[in-house]
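Asker: Sharing a structure below in structure tokens format, with a few things to ask.
What follows is calculated from the coordinates using simple rules that are stated; it is not laboratory data. On a predicted model such as this, the values are computed, not experimentally measured, just so you know. Because the Cβ atoms are built from the backbone with ideal geometry, glycine has one as well, and the counts that use them run over all protein chains shown.
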Amino acid sequence: NSVFVAIIGTGMAGLTAARALDKAGIAVQLFDKSRGSGGRMASKRSEIGTLDMGTQYFTARDRNFRTAIREWQEQGWVAEWKPNLYQAREGVLSASPDEQERWVGIPHTSAITRGLLGDLPVTFSCRITEVFHGPTHWTLQDASGQGHGPFSHVIIATPAPQASALLAAVPVLASTATSATMDPVWSVALGFEKPLPTEVQGCFVQDGPLEWIERDRGKPGRDNRLDTWGLQASSNWTRKNLDLPKEAVIEQLYGVFAELIGCTVPAPAFALAHRWLYGRPAQPHEWGVLGNAGLGVYACGDWCLSGRVEGAWLSGSEAARRLLVQL
Ligand code: FAD
Ligand code: NAD
């Protein structure tokens, strides 16, 4: 009765589960539809260097997660980021310093998930479309019709809408996953030839189309030729502008940014937009993980908890823990 665990998704949740199982001596096989690991923590290569279009920083409250971060720090994957923080309300920008610890991957967010993946066995560009439960084992089928398996257990570590489709063999879990709706997020990067004459490094925007503005320069381990800024739209604005062409998204959010930031903003030398369809859960949950221990299937991800990197880590850890106690 050998234990062989399929893990669908190489974001923070899937990789955390994989690492914990690997550490316990369990064989795992990871799958991801993308060409690389990281999910919403992946960084995007561009002509001006690597850009963080998803997670740009994260916080840590849980004690165990903080211990993990200390290990990542020792590995050189993360460093603390202490930005000059601002907030904007009704178009008015004001300094908004606080004591919160914030962490960033170095030189980019993807350093963390790349580090976690290490040399674990993984199949990329492989979108799993079906997860079947046979009399004794699980098998997976990918979009090209190819089968994978047999596996003794399956961990589904994808955003909720994708997890509910893959949980068809366990309708109760599928319908719980379906209830976890996820909001889309438009994310834009702008690169300027000359550094903008402002002290702002991060800004929480309380109203309007934008929600968060940040400057890459000044983060630890960055080496950018351009002064690169990241803009994240609110879910409300994103939903209303879901099908807008990328150029129009860039133009509109650039306009909002230029008006907000309080200094003269030239045209960017570089701009890129990325639409996350499943950017973040609409609400947090307290599920931790969804699972059926008898069948050996678990679903985890940020949507099972706080909708943040920490939630994804906690959920992936919990999936591995629950699987291990059942062996
Ligand atoms: P994901 O990272 O989404 O990983 C799921 C993986 O599953 C993906 O790699 C995907 O390709 C793969 N997959 C999906 N379906 C299939 C399939 N059928 N077959 C194979 N593979 C599949 N969090 C914070 O804590 N702080 C922040 O400041 C912050 N900012 C954010 C900004 C943006 C723009 C976005 C989008 C997210 C942000 N987050 C932030 C949230 C954070 O990124 C997520 O909570 C976390 O990365 C989720 O990890 P996950 O493993 O649950 O899911
Ligand atoms: P955090 O503690 O830095 O921020 C949480 C929230 O508190 C902020 O959204 C902001 O509204 C407020 N806040 C915090 N510090 C502030 C300050 N100095 N001045 C004014 N307001 C302040 O981080 P967190 O709790 O780890 O949340 C991470 C961030 O990631 C949040 O901003 C969250 O909205 C964002 N997030 C974004 C997405 C996305 O898809 N865009 C997905 C998940 C999380």
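Asker: In units of 2.2 N^0.38 Å, what is the alpha-carbon radius of gyration of the range 35-119?
Answerer: Values: Rg = 14.8 Å, N = 85, 2.2 N^0.38 = 11.9 Å.
That ratio works out to 1.25.
Asker: So what is the 222 nm mean residue ellipticity for the chain from helices alone, if each DSSP H run of at least 4 adds -39500 (n - 2.57) and you divide by all residues, rounding to the nearest 500 deg cm²/dmol? Each step should come with its number before you reach the end.
Answerer: On the way: 8 runs with 88 residues, N = 327.
The per-residue figure over the chain is -8000 deg cm²/dmol.
Asker: Taking 0.36 nm per residue of sequence separation and subtracting the Cα-Cα distance, how much length would be gained by fully extending the chain between residue 139 and residue 251, in nm to one decimal? Working shown, then result.
Answerer: On the way: separation 112, 0.36 × 112 = 40.32 nm, distance 4.61 nm.
Computed gain between residue 139 and residue 251 is 35.7 nm.
Asker: Along the range 5-17, what does the Karplus equation 6.51 cos²θ - 1.76 cosθ + 1.60 (θ = phi - 60°) give for ³J(HN,Hα), rounded to whole Hz, x for Gly and Pro?
Answerer: With the stated coefficients, the range 5-17 comes to 10, 8, 10, 9, x, 10, x, 4, 5, x, 5, 5, 4 Hz.
Asker: Residue 96's amide H: which non-local residues (gap 5+, or another chain) put their own amide H closer than 5 Å, with H modeled 1.01 Å from N in plane and none for Pro or chain starts?
Answerer: 85, 86, 87
Asker: Taking 0.36 nm per residue of sequence separation and subtracting the Cα-Cα distance, how much length would be gained by fully extending the chain between residue 165 and residue 259, in nm to one decimal? Could the numbers behind the result be given before it?
Answerer: Values: separation 94, 0.36 × 94 = 33.84 nm, distance 4.25 nm.
In short, 29.6 nm is gained.
Asker: If I model a spin label at residue 127 and residue 47 as a point 7 Å from the Cα along the Cα→Cβ vector, what separation in nanometres do I get?
Answerer: Roughly 2.8 nm, to one decimal.
Asker: In whole Hz, with x marking every Gly and Pro, tabulate ³J(HN,Hα) for the range 115-124 from phi via Karplus 6.51 cos²θ - 1.76 cosθ + 1.60, θ = phi - 60°.
Answerer: Couplings: x, 5, 4, x, 10, 5, x, 9, 10, 8 Hz.
Asker: Over the alpha-carbon set of the chain, divide Rg by the Kirkwood Rh and report the Rg/Rh ratio to two decimals. Write out the running numbers ahead of the final one.
Answerer: Working: Rg = 20.3 Å, Rh = 20.5 Å.
Expressed as Rg/Rh, it is 0.99.
Asker: Between beta-carbons, use under 13 Å as the cut-off and find the net charge around residue 225, counting Lys and Arg +1, Asp and Glu -1. Please report the intermediate quantities before stating the final value.
Answerer: Numbers: positive: 194, 217, 222; negative: 47, 193, 216, 223, 227.
Taking every other residue near residue 225 into account, the sum is -2.
Asker: Kindly express, to the nearest 10 degrees and within the range 0 to 90, the angle between helix 309-326's C-alpha long axis and the longest C-alpha principal axis of the chain.
Answerer: In the chain, helix 309-326 runs at an angle near 10 degrees to the longest axis.
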